[in-house]
Structure formats: structure tokens, C-alpha cells
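Okay, structure first, notes after.
The values are calculated or read from the model by the stated rules, or taken from the named source; none is laboratory data. The structure presented is a predicted model; accordingly, all values stated were derived computationally and were not measured. Cβ: placed from backbone, ideal geometry, glycine included. Neighbour counts: every protein chain shown. Areas reflect the complete protein model, heavy atoms only, side chains present, ligands, DNA and RNA absent. Shrake-Rupley method; radii C 1.70, N 1.55, O 1.52, S 1.80 Å.
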Amino acid sequence: MKYVKLRHKILFPLIKFAGIVFTKFKFNFKTKNKFKIGKDESIVVLSNHQTDCDPICLSLSFNKPIYFVATDSLFVKSFSSWILNFLFAPIPKKKGALDIASISKIFRTINEGGSVGLFVEGNRSYAEFQYYIGVETIKLLKQLKKKIVIYNIHGGFGVSPRFSNKKRKGNMYGEIKRVLPYEEYKDIDNEKLLDLIKNDLKVFDSESNEKFISNKRAEYLERMLFVCPKCGKIETLESNGNFIECKNCGLKVEYTEDLKLISNDKDFKFNILNDWYQFQKNFVKKYKITNNVQILNDIDVKIYTANAHEKRLLIDEGEMDLSDKYLSINKTQIPLSEINSASPVSGIKLSFSTEKNNYLIIGNKKFNALKYVLFFNKLDTYMKEHKIDNYYNLE
């Protein structure tokens, strides 16, 4: 059975038209330039990743369907998943790595004449920093032997930041940054080619001098920020409108329209969100663990099984605690030693896997999944021991 279907080609013009209307209305998105894929041509598109709608935005710059690699958490058994597969046939992969099954489907798609899209960082940006991109991606590209199109999405971090439900008024656009025929990159050293691609994918909206207008700019920053840089307390930050404040020491910080951080407190030194993110990462790295003492806590949490091509099943709900040995949700207790991989998903979701199951945790409206993943990389988990996590590790 073919992976690349005739219906994808037939439906693409209609999907593209709908995408133009949708992205214009939702993000005021524009395409700066376009690329025409030849009649018998297959390409590989590499892009940065700013919003959940990036695959739709990117597709508007091309004349043929792009088959995107996507996290396997999207492939639970549901009607929406069926629609996703019927219209777009994304290529599932495990979070944090290109597994053997996903690599096989990438080659199959290319061999059947399709073009593949990779958000090579693997995650939406939290704070404009560059996610890990490994040399294994370069080896895959050289094995595919196809033209590489490097694509940049600008303004998505400002218009639709990962931590927020609210859109900002501002400019968002996509552009083709570079086209690399196989003949031009096949003999380039892998590390040099990796550096070239990473540099071409870097987009920092905070350096653009663009304004992203909203009266709730800091709303739900707790989904990313969980350590106060002044008093060092965890889970004491609370957002309101354009400000985030520590309820323990009173530190108050404004998130501005040009994506900067300002405060009247002379002890606050950060300029952009990436500064705060890196501080948190270092904080967790140096955190002193005490046996059998609660580290993190959240209320109103639900945990589901989330295995690919199966229906989600609710396991438990209630209060969630993280200690040095267990992740506990109400009466359900999962040993940290069994956690193979983990990643934040969307705004208030945490995905993680053990040898037997994939799980999805859905929190309340201010739930911070990032803090759990960072501490999983600190504590005695399988993912830390075997260096599974390239994205949120503490190295």
C-alpha cells in the first residue's frame, strides 16, 4: 500500500486555499517567497518551529503537499486523528528522536515521490533559544540525497507564544532562506553543514524591533517560568495582564510589546525570556535533592494512556506530586526509573513514556509541563541515565 496517496495531490489546492484564509485570519500570516517543486522532484524542507499551525503556514510556499514528521502523540485513535491522516498523512515519530520506524517512513515517502518536512528542533520554541539539532540529522539528509529547502517562520513567537492562549496583534511571515542541491552539500563536512543549517534556522523575534500588541502579554507565563530569580522559590510566580509577579518576595516584571523584560527591582537582570529560561535550567542542575521530599506539586491534573493508534484512556485524576523517586497522580504512582522519555506538548500537556506505555498528563490552565521534564533530567530516570533527552537535558 502506497504511503503517498493521489488524494493528497488532488486535495492540496483546496487545502492550500483554506490555509491561506485560515492563517491570514488567525495570524495575519504572509508568504515572502515561494518554491516550485518540479514534476518528478522530491525535496526535504527544514524549518524552525514557532506555532502549532507551522505546517499549514509552511505549506503555503509550495505547490505540492509536504509530508511532515510529527510526534506520535497526535496519532491516538480518534476522529480528529483519522482526519489528520486522511488529509495530510504525517509521519509519526517518538518525541526527542528520529526512531527507526519514522526514518523508514521518511525514505518510503521520498521513494514514492513525496516531499518531507522536518521541524528539526523537534519542539516549538519556548523562549527563542535554539533546540538541540544533532549530526544524525545531517547523516539522514545525506542518505536521502535530495534538495534541501531551509525555511524560516518569523513573528510566530511574538504573535502566538507557546505559553499563551491569547494571540497578539503583529506581523508573521514565512520565507525560504536557502536552497541546497545535493551536489552542493554532499561533500561538506557533517559538522560544518550542521552549523550552516543551525545558523539558517535561527529566528529571534525579540531582535526584530516588531511590536506584538496585547493587554495580556504575560498571561500564563507560569507555563514556562517556575523559579523566581530573586528569592529562588519554586512555584511562587503568578501572571496578571502584562506582568508576572513572585508571591513570595514581591518581584514584579513586565513583558513588553517588543518581547523584552523590564522591572523596577534593581536585582532583576534579565532582558529576554531566554535569559530566564537558562537561569531555570541552571537552577535545576544545581538543585539539591532530599530523599522522600516533595519537589513539585500541581492540582487538577488528569493522566491518560496515549499509545499511538489507540483510544486515550483516563487512568487517574487529582493532585500530582514529584519526589526523588516517584511521579504520583492521586493513587497512581509511577517510578521515575521507568520513565524513558518526556516532553511538553502544547500549552498544558506533558507527554512521557515507559517501556510499556505512552502517557499524557493534562493540567489546569496554568500547568507547567516544562518543569517536570527538566527535573526528569535531574533525577534518576532512565532518560537521564541513557542520555535520551537531547532537548531539555541539563548539560
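Taking 0.36 nm per residue of sequence separation and subtracting the Cα-Cα distance, how much length would be gained by fully extending the chain between Asn165 and Lys269, in nm to one decimal?
Here the answer is 34.7 nm.
Across the Cα atoms of region 215-290, what radius of gyration and what greatest pairwise Cα-Cα distance (Dmax) are found, in Å?
Final numbers for Rg and Dmax: 11.9, 41 Å.
Starting from the Cα gyration tensor of region 316-395, multiply each eigenvalue by 5, take the square root, and state the resulting semi-axes largest first in whole Å.
Equivalent ellipsoid semi-axes, largest first: 18, 15, 11 Å.
Restrict the search to region 321-385; then list the trypsin sites (Lys or Arg not before Pro) that DSSP places in a loop and that have at most 13 other Cβ atoms within 10 Å of their Cβ.
Lys331, Lys356, Lys365
Just the number: Rg to Rh for region 299-347, Cα atoms, Kirkwood Rh, two decimals.
The Rg/Rh ratio comes out at 0.96.
Counting only protein chains, not ligands or nucleic acids, how are Thr31, Thr51 ordered by accessible area (probe 1.4 Å), most first?
Accessible-area ranking of Thr31, Thr51, largest first: Thr31, Thr51.
In whole Hz, with x marking every Gly and Pro, tabulate ³J(HN,Hα) for region 349-358 from phi via Karplus 6.51 cos²θ - 1.76 cosθ + 1.60, θ = phi - 60°.
The phi angles translate into 10, 10, 9, 8, 9, 10, 5, 9, 9, 9 Hz.
Per DSSP helix of 4 or more residues, -39500 (n - 2.57); summed, then divided by the residues of the chain. What does that give at 222 nm, rounded to the nearest 500?
Theoretical 222 nm ellipticity from helices: -8000 deg cm²/dmol.
Given a 1.4 Å probe and heavy atoms of the protein chains only, how would you sort Ile176, Ile289, largest accessible area at the top?
The ordering from most to least exposed comes out as Ile289, Ile176.
Indicate the gyration tensor shape class of region 215-364 (rounded, prolate or oblate), computed on the Cα atoms with a ≥ b ≥ c the square roots of the eigenvalues: a/c under 1.5 is rounded; otherwise a/b larger than b/c is prolate and the rest oblate.
Since a/c reaches 1.5 and a/b is larger than b/c, the shape of region 215-364 is classed as prolate.
Measure off 7 Å from each Cα along the Cα-to-Cβ vector at Asn199 and Lys142, then give the distance between these two points in nanometres to one decimal.
Inter-label distance under the simple model: 1.9 nm.
Of all the C-alpha pairs in region 126-183, what % are more than 19 Å from each other?
50
For Gln333, project a label point 7 Å along Cα to C-beta. Then give me every residue of region 354-384 with its amide nitrogen under 18 Å of that point.
It comes to 380-381, nothing else.
Given R₀ = 41 Å, what would the calculated FRET efficiency be for Lys36 paired with Asp321, taking r from the Cβ atoms and rounding to 0.05?
0.15
Using each residue's phi in region 210-227, evaluate 6.51 cos²θ - 1.76 cosθ + 1.60 at θ = phi - 60° and report the 3J(HN,Hα) Karplus result to the nearest Hz, with x for Gly and Pro.
7, 9, 10, 8, 6, 9, 9, 5, 9, 4, 6, 4, 4, 5, 10, 9, 9, 10
Which semi-axes, in whole Å and largest first, does the equivalent ellipsoid of region 255-336 have when worked out from the alpha carbon gyration tensor as the square roots of 5 times its eigenvalues?
34, 20, 12
Rank Ala218, Val203, Ile234 by how far each Cα sits towards the positive end of the charge dipole of region 192-236 (+1 on Lys, Arg Cβ; -1 on Asp, Glu Cβ) and give me just the farthest.
Projecting each Cα onto the dipole axis, the largest value belongs to Ile234.
For the chain, max minus min Cα coordinate along each principal axis, in Å, sorted largest first?
Its Cα atoms span 62, 48, 43 Å along the three principal axes.
Using Cα pairs closer than 8 Å and at least 6 residues apart in sequence, work out the relative contact order for region 191-334, in percent.
14
If Asp52, Asp258 are ordered by their accessible area, calculated over protein heavy atoms with a 1.4 Å probe, which sequence runs from highest to lowest?
The most accessible residue leads, giving Asp52, Asp258.
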